[in-house]
Structure formats: structure tokens, C-alpha cells
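The values are calculated or read from the model by the stated rules, or taken from the named source; none is laboratory data. The structure displayed is predicted, hence computed values, not measured ones. For neighbour counting, all protein chains shown are included, and Cβ atoms are generated from backbone atoms with ideal geometry for every residue, glycine included. With ligands, DNA and RNA removed, areas are computed over all heavy atoms of the protein, side chains included. Shrake-Rupley method; radii C 1.70, N 1.55, O 1.52, S 1.80 Å.
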Amino acid sequence: MLLRVDPASDVPLFEQVAASIRSDASRGGLAVGERLPAARDVARSLDVNVHTVLRAYQALRDEGLIDLRRGRGAVVTERVLQYADLGHDLPRLVAHAKRLGIGPSALSAMIRQEFAS
Amino acid sequence: MNHISARTRILVLSVLAPLVVCLAGIALMVSWLPSLPDVVAIHWGLDGRPDGYGPASTLPLLLGVIGVPTVAFVGWLVLWFEAGRPFTPALKLLAVTSLWTSLVLTIGFAGSLSGQRVSEGAGAPAPAAPLAWAFGVATCAALLAWFLLPRSVSPIPSAGSATAALRVAAGERVAWVRDVSAPRPLVVALIALGVLVTGAAATAILVTGGRMWFVAVAPLVIVVLTASTLAWRIRVDSHGLVVRSALGVPRVTIPLDQIEQAHVEEVDPVGQFGGWGWRWGFGRRSGVILRAGDALAVKRRSGATFLVTVDDADSAASLLNGLVARGGLATR
């Protein structure tokens, strides 16, 4: 599982951690039932607070992507299949946006608009 | 020797010869039974004096029931692994072990019995003499077998050109984390081995009334070491490559400044490393080898290579090369 955070970014750290994991899911890199590494290990690797990682895990739990169980840790649910399915559309959409010279924030705004309508 | 096929030589030296040795030993000991007392010494304490007695038929029986199947099994393993694989030094060593074991057991047992034959006089001599003989003869025979066996072939690892580096920006923190555990068949085999070893030690202690309690130390160490090879946590981050057993130890850290490059290699556990777990292969290669297939391979500046069999090794190698290129500075 690849995780990237940029402390200089405006996006909160826990959001970035969650986004990394979500990205892995949409690329088909997470299997149903797979156990995510311990929050402690992730925190140490990224040099962030363990509570940051825990908050990211909780956000993903609220989305239904993972289950947080005592003793078993964070387990990927079947929802990951839906993320991967949606993820198939992403490369084409982003490539299209790049060709048109439309950047990520503009594209995100357009996507958000689409949800609202 | 070359006109005798490689497979035939392996068959003869690692299966047939050891079997013949064991069977000859059994036949010899059985032929001695009339000239042996009803009860003989079959076990000696560390001080060299007998402390276990039993019927004379015990030793040939042991050799037949334990020695023969063990030797046959090891020899068969070698043949089975040799099919379709290069004959690596690891396999060759295993082949030679079969013969070595059969000789140690047979000479050791037969030597212990031979000294107790009624015509030889009273008392059972300490087995130190036959054991030293046994080790000496077995080692000489093993060396001879090494020369008679086909030449070993060092496996040529797949081309180790560096994986394309991931672009890592100056202030970014990137990490790759993955847990990996031994495949189920291996876990079952290791648990079975642990149970066997513990059972043997427990039996030894019970049979000698607890006087050999220290015999439990080795099996305990084996069980703990084995348990530690079952599951690992692998991390690639600004610290470098960190491979840690789920139990905490053993662990390996290869800092970024010691890494020349990372790539992915195909690994054959038995052919290249002689087995599974934390292994040392020939040619300054070591690593955590839990299955065949893709492995993350890290070439250190010292020239040695460390490998870990893990899924998605490509991403890990790519990140490692990217972090090394960036200089491994963890900006805060």
C-alpha cells in the first residue's frame, strides 16, 4: 500500500492519508478482507501522529470502505470492489481533463457540481 | 564420471547408498544378537557412562524405524526438487547430508553394540569412540560424494536492473507498507515440525526422569525462531527498507544511504536458498523468502543483495529508488 502526504499542502494530514488508501482501493490494489497495516506502523513510516492515521482509518470506516474490529484491526470490506469499479473511469476522465488543460481543482469543482445537480 | 547421468549419480549417492548403509548396519546388528546379552546399554549420559538399558534389538530397530525413513525421505526430496531445477549448491548439500546421516547413525549404533558383545569382555564402553569414528567416516564419505555428484550450478538471478524510480517531491512523505505471512502449507509444516521437536524433547525428559531438562532448551529455541518467521511487516520509507517479524525480532533495516538500487526478482526458494524463511543463499544473497515468485530485491552499496518475497514488489522498488534519488532526507 502506497501512502503519500505533503505537510505543506492545505489538505489536513488525515485527509491525505485517507486519500492515499482510497486511491489504492480505486486502483484495485486492495483485496476484500485484506488487513491494513497497524496505524502505529503507518504513523512511524510517514512521521505523523498515530492519531492522524487513526482518524484517517475512522473516516474510511465511516465511508464503509473498512471495518475496524478489536483485535483484527482495519479490514477492507467488499465496498472496495465498488471503489475499484469507479476507479476504472478515473484514468480516462483525468487524461481527458489534462488534454483540455483543465487542472485538478477545476475538475474536482465540476465533479462536486455534478453531485449537487 | 560424466557418462553416468547426473540423475543416476544423485539417485545412487543420496538414496541408494544411504539405504544400503542403513540396511547393512541393521543386518550386521541383527547377526550379533546371539552374542549380545539380553539387556544392553542403549543410552549414555554426558559423562560417558551408560544410563539407559534395553533389549539389544532396540538399536537395529531404531535404525530401521527412524533412520531408514529419514534417509529415504531426504534422498527422495533431493530427487524431487532436482527435477526441472538447476542442481544448486544448496541441493547438493542436502544430497550429501543423506549419506552423511546414514553413516553417522549406522556406525554410531553398530559401534555401541559391537563393544558389548559377550566375547569382547565386560562392561559397555562409552560411545565416544564409535561416535568420533562415525563422524569422521561420515564426513570423509560426504566429501567423496560431493566430488562424485554432478557439479553444482550457481543459479543466475534474473537481470537486476533498477526499477523506474518514483518521483518524490522534496517535502513529501511517502511510504509503502505491507504485511506478508507464510503460505498455509508452510505454516502447517512448521507447526508440525515444532510439535514433533517438542514431543521428542518431552519424551526424552520423561524417559530420563527429568534429569535431561536442558534438552528442552533447543526445541524451545527452535519453536520460537520458527514462530518468528511466519509473519512479517515490511515498510519502505525515509528510514529505508525495514523488514520486521510480527514478533518484533528478527528485524532488518537497510538505510537509504546503504542502498544502491532496488528491483524485482523471481525467486525459487528451494533452488536458490535451500528452503523458506530467513535464508542465506550463495553469492552474498540473503532475505526473507516465504514463497516462490516476485521478490523485492535491494542491492546494497556493499554488493550484497537482500530480498523479500512480497506482493506489489514493483511499487516498493520504485519508491525505494525514488527515495534514494531524493537523498533520503526526511524534511520536517
The protein assembly as shown: C-alpha gyration tensor shape, a/c 1.5 cut-off, then a/b vs b/c: prolate
Net dipole in debye of region B:166-293 [+1 Lys, Arg Cβ; -1 Asp, Glu Cβ; about Cα centre; nearest 20]: 260 debye
Cβ neighbours within 10 Å from other chains - mean over B:224-237: 1
Whole-Å semi-axes of region B:267-330's equivalent ellipsoid, largest first, each the root of 5 times a Cα gyration tensor eigenvalue? 23, 14, 7
Pick out, from B:Pro255, B:Thr226, B:Val40, the residue whose Cα sits farthest towards the positive end of the charge dipole of chain B, with +1 on the Cβ of Lys and Arg and -1 on the Cβ of Asp and Glu. B:Pro255
Suppose a student asked you for the relative contact order of region B:176-305, using Cα pairs under 8 Å spaced at least 6 residues apart; what percent would you report? 20 percent
Rounded to the nearest 10 degrees, the helix A:50-63 long axis (Cα) sits at an angle to the longest Cα principal axis of chain A of 60 degrees
Once every DSSP H run of n ≥ 4 in the protein assembly as shown is given -39500 (n - 2.57) and the sum is divided by its residues, what mean residue ellipticity at 222 nm do you get, rounded to the nearest 500 deg cm²/dmol? -15000 deg cm²/dmol
log₁₀ of I(q)/I(0) at q = 0.16, 0.19, 0.21 Å⁻¹ - chain A, Debye sum with one point per alpha carbon: -0.83, -1.10, -1.24
In square angstrom and rounded to 100, what buried accessible area do you get between chains A and B, total over both, with the probe at 1.4 Å? 1700 Å²
If I stretch the segment between B:Val224 and B:Leu62 completely, what's the gain in nm (0.36 nm per residue apart, minus their alpha carbon distance), one decimal? 55.4 nm
Considering chain B, what Rg and Dmax in Å follow from its alpha-carbon atoms? 25.3, 87
What is the distance, in nm, between label points placed 7 Å from the Cα along the Cα-to-Cβ direction at A:Arg112 and at B:Leu193? 5.7 nm
Shielding by partners - mean other protein chain Cβ count within 10 Å, residues of A:13-20: 1
Working only with C-alpha atoms, what are the Rg and Dmax values of region A:2-66, expressed in angstrom? 11.1, 34
Along the charge dipole of region A:1-93, pointing to its positive end and built from +1/-1 on Cβ of Lys, Arg, Asp and Glu, which listed residue (A:Ala31, A:Gly71, A:Phe14) has its Cα farthest out? A:Gly71
Evaluate E = 1/(1 + (r/R0)^6) for B:Asp51 and B:Phe73, where r is the Cβ-Cβ distance and R0 equals 25 Å; express this FRET efficiency to the nearest 0.05. 0.25
Region B:169-280: C-alpha gyration tensor shape, a/c 1.5 cut-off, then a/b vs b/c: prolate
Total charge dipole magnitude, chain B, about the Cα centre, Cβ charges on Lys, Arg, Asp, Glu only, Debye to nearest 20: 700 debye
Of the options B:Leu148, A:Leu3, B:Phe109, report the single residue whose Cα projects farthest towards the positive end of the charge dipole of the protein assembly as shown (beta-carbon charges: Lys, Arg +1; Asp, Glu -1). A:Leu3
So, with +1 on the Cβ of K and R and -1 on the Cβ of D and E, and no other charges, what is the size of the charge dipole of the protein assembly as shown about its Cα centre, to the nearest 20 debye? 520 debye
Per 5 angstrom bin, beginning at 0 and ending with the bin that holds the maximum distance, the Cα pairs of region B:6-72 fall in percents of 3, 16, 20, 18, 17, 12, 7, 4, 3, 0
Among B:265-275, B:105-115, the order from most to least packed when residues are scored by Cβ within 10 Å on average: B:105-115, B:265-275
Would you work out the relative contact order for chain A, in percent, from Cα pairs under 8 angstrom that are 6 or more residues apart? 25 percent
